[in-house]
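The structure appears below as structure tokens.
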Amino acid sequence: MAKQSAKSPAPVMTDPKGQTLVCLRTLSESEPAALATYLKLGGYQSLKRLVTEKTKATDIITEVKISGLRGRGGAGFPTGLKWSFMPRYFDGVKYLVCNTDEGEPGTFKDRDIIRYNPHQLIEGMAIAAYTLGARVGYNYIHGEIWQDYETFEAALKEANEAGYLGENLFGTNFSFDLYAVHGYGAYICGEETALIESIEGKKGQPRFKPPFPASYGVFGKPTNVNNTESYASIPWIMQHGGQAFADLGVANSGGTKLFSVSGHVEKPGNYEVNMGMPFAELLAMAGGVWQGRKLKAVIPGGPSTAVIPASVMETITMDYDGLSKARSSLGAGSMIVMDDSTCMVKALHRLSYFFYEESCGQCTPCREGTGWVYRVLDRIVKGQGKMEDLDLLTDISKNISGRTICALGEAAATPVISFIKHFRAEFEYYIEHGKSMVDSKAEQG
Amino acid sequence: MLSPQITEKIDYELTKYPADQRQAAVMSALRIVQTERGWLSQESMSEVAAYIGMPEIAVMEVASFYNMYDLAPVGKYKISVCTNISCMLRNSDEIVDHLKHKLGVEFNQVSADGKFCLKEAECMGACGGAPLMIINNHSMHEFLTPAKVDAILDELK
Ligand SMILES: Cc1cc2nc3c(=O)[nH]c(=O)nc-3n(C[C@H](O)[C@H](O)[C@H](O)COP(=O)(O)O)c2cc1C
Ligand code: SF4
Ligand code: FES
């Protein structure tokens, strides 16, 4: 039982870099992705115990609730609560879906889970399947990380052969088939209902909600969708107890979190640390701002989260509450670091193109609004902007937000509003002089 | 006609879905055909539609929705460079300029010898390795410098 193990102290694995390793436990081993490596760390033992002891689903869900695990895909919805929405009794196949589609710029954490610790994800999904009564699962993997898709397929094969996936596991009547499927270049397929459409072999256009996937998901059947990192946290929680996981983090933010650090740092990459780590410490782990330059701003959780100026960033902690206090959010933990050579106008220009290009086109405010925002920013960057454009940009963005089928509309609006709010002087300079303030400063030496 | 090599791979993908949900394998089928033939012609899409047993229009809808499918020839090597924010901050522009100069093409053009095509891509979910590029959708090269690009291109015959 999960509850008994909660009493034994959890061995917290740290590494020389100062990481706390939960989802990337195998990282310091020589063959991190191998089944043998995972087994050595106690892998698949929780699955076996829960299934053979016929642990009650409600007990497992309670343990996940205690852990304080919140969805790592961006929205931060409590995982235990989400699991309790799945219908208990259903006449037919229920599905489990893992979202490894990460395509939001700056997000690359789930890639490291599938290439360095695929078996922990498989075990996490199998435990979820047992708990929720799902017979079949799909892991939907971002198209461009093809080599990692193949690593995951190989891990599935190993798990099937070793009897951790498939029919009648451990001689019980629990069966679970898990498959890898791939995207092929569409950010919108990260949205869970678009992802489901894509699994069904359609273009990835989000569905109206409700009905939610828990009642109408893959092939119209009840489906639970979670992010890769959410599922990968489950085996550790079952092994050491929900409380031990909660204790790794801070209030409202249990556990560890993988932060994808990119942009202007010396050592870009993924860092798995305890929730609540001060930003300054995380930045130092990533080698600090590169080339001895000064920090200008950080997008803390991917472009759908508001940009934060350096002065504020330096005072905050990396957890759900810490970032909402700074009027942004943790998102998927995709920290994009910008030094003082960054032109905020050009940075926003590029992001606006992304949202315009990736809008699926179903809702008029999103389809037309993202295009309009891009065209206005494009003329500013080309030196043809007008001062009124700044209010126009904010206005269009506010009118997209909240008027669309999915949250991409809001995601597109957030950077526009926050960039202009915090760096308005830079936008004004660009419009007035027809060129970037940062470039002009550089020219003056 | 789809070759046995192709149908064998599509059949494997079909095992992942219920028997009455063959359409679910269309994304893989298109990927497999494109990998084999370089790009997706009208005819290729019709063949996929026939094999899977779904309307041609539904196959085309999928093929035109996802960025990694090519509905026109892309030369022997399609090089996609990410220019999104994290890559941009690490000078993907320099890599793009270098490639344009070296291959003598702009984005979406095929080089005169039919060998290379350059594409601008959105985030590839690998921003820690920026700047980066993918050759023919499936082989990623990270931490690029102009010299590293040269070395990679020299290998492509
Ligand atoms: C435009 C858009 C893109 C998204 N992309 C992803 C993604 O790449 N990965 C992910 O896990 N969730 C993504 N989400 C959130 C998912 O819809 C969903 O909430 C999540 O997969 C649920 O898992 P979780 O509760 O474990 O976080 C995206 C949402 C939107 C609106
Ligand atoms: S908000 Fe945009 S991406 Fe989302 S469904 Fe509407 S048009 Fe598509
Ligand atoms: S921004 Fe280039 S790979 Fe993510």
Dipole of chain A [Lys/Arg +1, Asp/Glu -1 at C-beta], most positive-end residue of A:CYS343, A:ASN270, A:MET125: A:MET125
Partner chain coverage, peptide A:255-266 - average Cβ within 10 angstrom: 3
Where only C-alpha atoms are counted, convex hull volume of chain B per residue in Å³: 123
A:VAL438 - accessible surface, heavy atoms, 1.4 Å probe, Å² rounded to 10: 20
Magnitude of the charge dipole, the protein assembly as shown, Cβ model with Lys/Arg +1 and Asp/Glu -1, debye to 20: 1200
5 angstrom amide H check on A:MET318, placed H, neighbours 5+ away: A:GLY276, A:MET277, A:PHE279
Pairwise centroid distance, computed over Cα atoms, of the range A:372-445 with the range A:73-125, Å: 35
Cα-Cα over 21 Å, subset of A:LYS56/A:LYS94; A:LYS386/A:LYS435; A:LYS267/B:LYS148; A:LYS209/A:LYS325: A:LYS209/A:LYS325
Test item: Cα-centred dipole of the range A:393-445, Lys/Arg +1 and Asp/Glu -1 on Cβ, debye: 200
Rounded to whole Hz, the Karplus (6.51, -1.76, 1.60) HN-Hα couplings of the range A:334-348, x for glycine and proline: 9, 8, 9, 9, 10, 8, 6, 8, 7, 8, 5, 5, 5, 4, 5
Distant-in-sequence amide H partners of A:ALA180 (H built 1.01 Å from N, under 5 Å): A:ASN139
Distance between the range B:93-157 and the range B:1-67 - C-alpha centres, whole angstrom: 27
Computed label-point distance, nm, for sites A:GLN444 and A:ASN399 using a 7 Å Cα→Cβ extension: 3.7
Probe 1.4 Å - accessible area at A:THR14, Å² to nearest ten: 100
Net charge of neighbours whose Cβ lies under 9 Å from the Cβ of A:THR193, counting Lys and Arg as +1 and Asp and Glu as -1: -1
MRE, 222 nm, helices only [DSSP H, n ≥ 4, -39500 (n - 2.57), over chain A, to nearest 500]: -13000 deg cm²/dmol
Cα shape, the protein assembly as shown, gyration tensor, a/c 1.5 rule: oblate
Other protein chain Cβ atoms within 10 Å, averaged over every residue that makes up A:30-36: 0
Derived scalar couplings ³J(HN,Hα) [the range B:114-131; Karplus, 6.51 cos²θ - 1.76 cosθ + 1.60; whole Hz; x for Gly, Pro]: x, 8, 10, 9, 10, 10, 8, 10, 8, 3, 9, x, 9, 4, x, x, 4, x
Virtual paramagnetic centre 7 Å along Cα→Cβ of A:LYS17, amide N under 20 Å, in the range A:290-314: A:290-292, A:299-302
Semi-axis lengths, Å, the range A:107-177, gyration tensor of Cα atoms, sqrt of 5 times eigenvalues: 23, 12, 10
Debye log10 I(q)/I(0) at q = 0.16, 0.20 Å⁻¹ for the range A:351-400, Cα point scatterers: -0.41, -0.63
R0 of 30 Å, Cβ-Cβ distance A:GLU314-A:GLU153: FRET efficiency to nearest 0.05: 0.10
Percent of Cα pairs exceeding the 14 Å cut-off, where the set is the range B:77-156: 56
Modelled FRET efficiency - R0 35 Å, B:ILE152 with A:TYR89, Cβ distances, 0.05 increments: 0.05
For the range B:4-65: span of alpha carbons on each principal axis (Å, largest first): 28, 24, 18
Per residue value of the accessible surface for the protein assembly as shown (all protein chains in place, 1.4 Å probe), Å²: 38
Summed buried accessible area for A+B [probe radius 1.4 Å, Å², rounded to 100]: 4100
Rel. contact order, % - alpha carbon contacts under 8 angstrom, at least six apart, the range A:102-173: 32
Part-to-part distance (alpha-carbon centres) for the range A:276-349 and the range A:199-235, which is given in Å: 30
Relative contact order (%) - the range B:77-156, alpha-carbon pairs under 8 angstrom, separation at least six: 39
Per-residue HN-Hα couplings for the range A:202-216 [Karplus 6.51, -1.76, 1.60; θ = phi - 60°; Hz; x = Gly/Pro]: 10, 5, x, 10, x, 8, 5, 10, x, x, 7, x, 4, 10, 9
Accessible area in the full protein assembly, largest first, 1.4 Å probe, for B:ARG37, A:ARG327, A:ARG207: A:ARG327, B:ARG37, A:ARG207
Contact order relative to length of chain A, as percent, for alpha carbon pairs under 8 angstrom and 6 or more apart: 16
Within the protein assembly as shown, percent of DSSP bridges classed antiparallel, to nearest 5: 50
Charged-residue dipole, Cβ positions (Lys, Arg, Asp, Glu), the range B:4-65 about Cα centre, Debye nearest 20: 160
Rounded to 5, percent antiparallel among DSSP beta bridges of chain B: 55
Average beta carbon contacts from partner chains per residue of B:79-92, 10 Å cutoff: 6
Point-to-point label distance, B:THR15-A:ASP378, nm (Cα→Cβ direction, 7 Å offset): 4.7
Other-chain or far-sequence residues with amide H under 5 Å of B:ALA121's (modelled H): B:VAL81, B:CYS82, B:THR83
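The values are calculated or read from the model by the stated rules, or taken from the named source; none is laboratory data. It should be emphasised that the depicted structure is a prediction, and the values quoted were computed from it without experimental measurement. Glycine gets a Cβ as well: all are built from the backbone with ideal geometry, and neighbour counts include every protein chain shown. All accessible areas refer to the heavy atoms of the entire protein, side chains included, with ligands and DNA or RNA removed. Shrake-Rupley method; radii C 1.70, N 1.55, O 1.52, S 1.80 Å.
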